[in-house]
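The next block holds one structure in the form of structure tokens; read it before the comments.
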Amino acid sequence: MLEVAAAPFAYAFDPATTALVVIDMQRDFIEPGGFGDALGNDVRRLAAIVPTVRELIAWCRGRGIRVLHTREGHRPDLADCPPAKRRRGAPRLRIGDVGPMGRILVDGEPGNNIVPELRPQGSEPVIVKPGKGAFWATPLETILREAGVTHLLLAGVTTEVCVQTTMREANDRGYDCLLIEDATESYFPEFKQATLEMIRAQGGIVGWTAPFAALCRAR
Ligand code: TIU
């Protein structure tokens with residue numbers, strides 16, 4: 001067992017039954033010309049965490065902790081994209097429209113790829129998800145159960161949208177979840193801060209948070 005100095009209290013985990021889930025570190029959210037940019041966001045805030053996420057992935061691989069990746073992406077025929085999601089707001093480009101990195105938020109397009117620095121290795125599963133949560137309409141729960149996983153380390157973007165939704169889905173399914181604070185980011189710094197606080201409030205109502213350095217010091 002390893003113990004991390006986390007908030008609101010120590011987080012203990014066994015690397016053999018723990019998985020790192022890296023959420024949506026894809027060009028659509030991190031590079032200009034993707035979905036995040038089309039929604040009017042400054043994507044540079046998200047690009048800044050790529051080196052830390054890279055180190056986190058390497059740390060987990062080095063300790064035999066399973067690494068899984070997710071992408072938010074829809075079928076090319078958009079049959080799994082609720083019309084309400086496509087209609088929402090007034091983005092420059094909507095889901096399925098052709099942008100500079102191919103069709104926005106569509107599986108198989110260049111913009112849907114995970115950024116090259118974080119490319120999945122070998123047999124690491126990549127879960128393509130039509131929603132914000134990584135459990136909904138995906139095989140993630142089956143994959144984790146078959147592997148005997150009980151604890152999740154979480155990283156990725158954006159903190160208050162896909163990361164928080166996934167962490168809440170995981171918490172309800174009984175996983176003990178630790179969000180790595182500097183390996184997640186939001187387009188809105190105040191939303192990231194509020195999300196970290198709401199996760200660990202009330203005795204860890206959704207789970208734990210800790211900086212990557214604290215994970216590295218786990219003993
Ligand atoms: N817009 C935004 O903040 N996020 C998303 O749409 N998806 C994810 O968080 N991955």
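The table that follows gives values for the structure above.
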read-out: Number of positions in the stretch 95-119 that are assigned to a loop (DSSP other than H, G, I, E, B) and either of a type in the set (S, T, N, Q) or open to solvent by 40 Å² or more (accessible area, probe 1.4 Å) (or both); value: 6
read-out: Count - residues of the stretch 185-209 that are closer than 20 Å to VAL50 by Cβ and either out of contact with any Leu (no Cβ under 7 Å at 6 or more places or on another chain) or surrounded by fewer than 23 Cβ atoms within 10 Å (Cβ to Cβ) (or both); value: 8
read-out: Only one of ALA47, ALA10 that is at pLDDT 95 or above, open to solvent by 10 Å² or more (accessible area, probe 1.4 Å) and closer than 25 Å to TRP208 by Cβ; value: ALA10
read-out: In the stretch 137-157, residue least open to solvent (accessible area, probe 1.4 Å) [restricted to those that are out of contact with any helix residue (DSSP H, G or I) (no Cβ under 7 Å at 6 or more places or on another chain) and either without any contact (Cβ under 8 Å) to a residue 60 or more places away in the chain or hydroxyl-bearing (Ser, Thr, Tyr) (or both)]; value: THR138
read-out: Condition broken by ILE49, with the remaining ones in (1) in contact with a strand residue (DSSP E or B) (Cβ under 9 Å, 6 or more places away or on another chain); (2) over 30 Å from ARG217 (Cβ atoms) satisfied; value: (2)
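The values are calculated or read from the model by the stated rules, or taken from the named source; none is laboratory data. It should be emphasised that the depicted structure is a prediction, and the values quoted were computed from it without experimental measurement. Methodologically, a virtual Cβ is constructed for each residue, glycine included, from the backbone with ideal geometry; neighbour enumeration extends over all protein chains shown. Side chains are part of the model used for accessible areas, which takes the heavy atoms of the whole protein and leaves out ligands, DNA and RNA. Shrake-Rupley method; radii C 1.70, N 1.55, O 1.52, S 1.80 Å.
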